[in-house]
Amino acid sequence: MKNILIIALSILFLGNSQAQTQKNKSKNNMEKQTIYQFKVQDLSGKEFDFATLKGKKIMIVNTASQCGLTPQYKELEALYKKYKSKNLVIVGFPANNFGAQEPGTNAEIATFCQKNYGVTFPMMSKISVKGKDMDKVYQFLTQKSKNGLQDSEVQWNFQKYLINEKGQLEKVISPQVLPTDASIVNWING
């Protein structure tokens, strides 16, 4: 009887130990998720693979053409031109989630960005950045269980998500903070 009890306790202990090991592995895998797992479509319908940006700092920003913050395109482009040789990439995601301020098609958005702001940084196809149809990239950016940093909600157009060289979310920047703000420039140079 004593041997059966020892065996039962050993099995119970081993099972709990394995369950804890599996739980730790799951937790570690959750923390290791990066932006590099995503492939999206750009404005022209071509595949854009975030894995091609390994080793670069990335700013992801949701954009809109008819917003009071739309002039930030000018500063985003200036920032991109100044720092792209220092491994910064800005990736824009047009979204129509706030006040229907991005009603255009992908082609119309591309024309608007080029004509009005000379945008050369990568612009992706229009997506949803909140709600039930939230794009998988924004699920990653806004859910701590996926990004390992924090939960957040996209407040408005031109919210900025800063991704480090390892593909991990590092900072969330308010829409009202200009792209050339010291907090962003210091992060780029840091």
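If you take the residues in the range 110-154 that are β-branched (Val, Ile, Thr) and assigned to a loop (DSSP other than H, G, I, E, B), which one is nearest to Gln37 (Cα to Cα)? So that I can check it myself, show each step before the final result.
Looking only at the range 110-154, we keep the residues that are β-branched (Val, Ile, Thr), and these are 111, 119-120, 127, 129, 137, 142, 154.
Checking the rest, the ones that are also assigned to a loop (DSSP other than H, G, I, E, B) come to 119-120, 129, 154.
Details: Val119: 25, Thr120: 24, Val129: 18, Val154: 21 Å.
Selected residue: Val129.
Residues in the range 164-178 that are touching a residue at least 40 places away in the same chain (Cβ under 8 Å) and touching a helix residue (DSSP H, G or I) at 6+ places or on another chain (Cβ under 7 Å): Gly167, Leu169, Leu178.
Whether any residue in the range 78-90 is at pLDDT below 95, outside any loop (DSSP other than H, G, I, E, B) and within 19 Å of Lys136 (Cβ to Cβ) is what I want to check. No, the conditions are met nowhere in the range 78-90. Per the conditions (1) within 14 Å of the chain's Cα centre (by Cα); (2) crowded, with 18+ Cβ neighbours inside 10 Å; (3) of a type outside the set (Val, Ile, Thr), the sole criterion not satisfied by Lys130 is (2).
The C-beta contact set for the range 149-163 (first residue over 20 Å from Gly99 (Cα atoms) and free of Cβ contacts under 8 Å to residues at least 40 places away in the same chain, second residue among the basic types (Lys, Arg) and not in a loop (DSSP other than H, G, I, E, B), distance under 7 angstrom, 6+ apart or interchain) comprises Gln150/Lys144; Asp151/Lys144.
Taken over the range 52-76, the criterion of being out of contact with any strand residue (DSSP E or B) (no Cβ under 9 Å at 6 or more places or on another chain) and of a type in the set (S, T, N, Q) is satisfied by Thr52, Gln66. Out of Lys115, Lys136, report the one residue that is basic (Lys, Arg), touching a residue at least 60 places away in the same chain (Cβ under 8 Å) and either farther than 28 Å from Gly190 by Cα or touching a Gly at 6+ places or on another chain (Cβ under 7 Å) (or both). The match here is Lys136. Which residues, counting only those in the range 170-190, are outside any loop (DSSP other than H, G, I, E, B), hydrophobic (A, V, I, L, M, F, W, C) and closer than 19 Å to Tyr83 by Cβ? Listed by number, the residues that qualify are Ile173, Ala182, Ile184, Val185, Trp187, Ile188. Residues of the range 29-72 that are among the polar types (S, T, N, Q) and either within 15 Å of the chain's Cα centre (by Cα) or in a strand (DSSP E or B) (or both): Gln33, Thr34, Gln37, Gln41, Thr52, Asn62, Thr63.
The values are calculated or read from the model by the stated rules, or taken from the named source; none is laboratory data. Because the structure is a prediction, the values reported are computed rather than measured. When we count neighbours, we look across all protein chains shown, and the Cβ atoms used for this are built from the backbone with ideal geometry, even at glycine.
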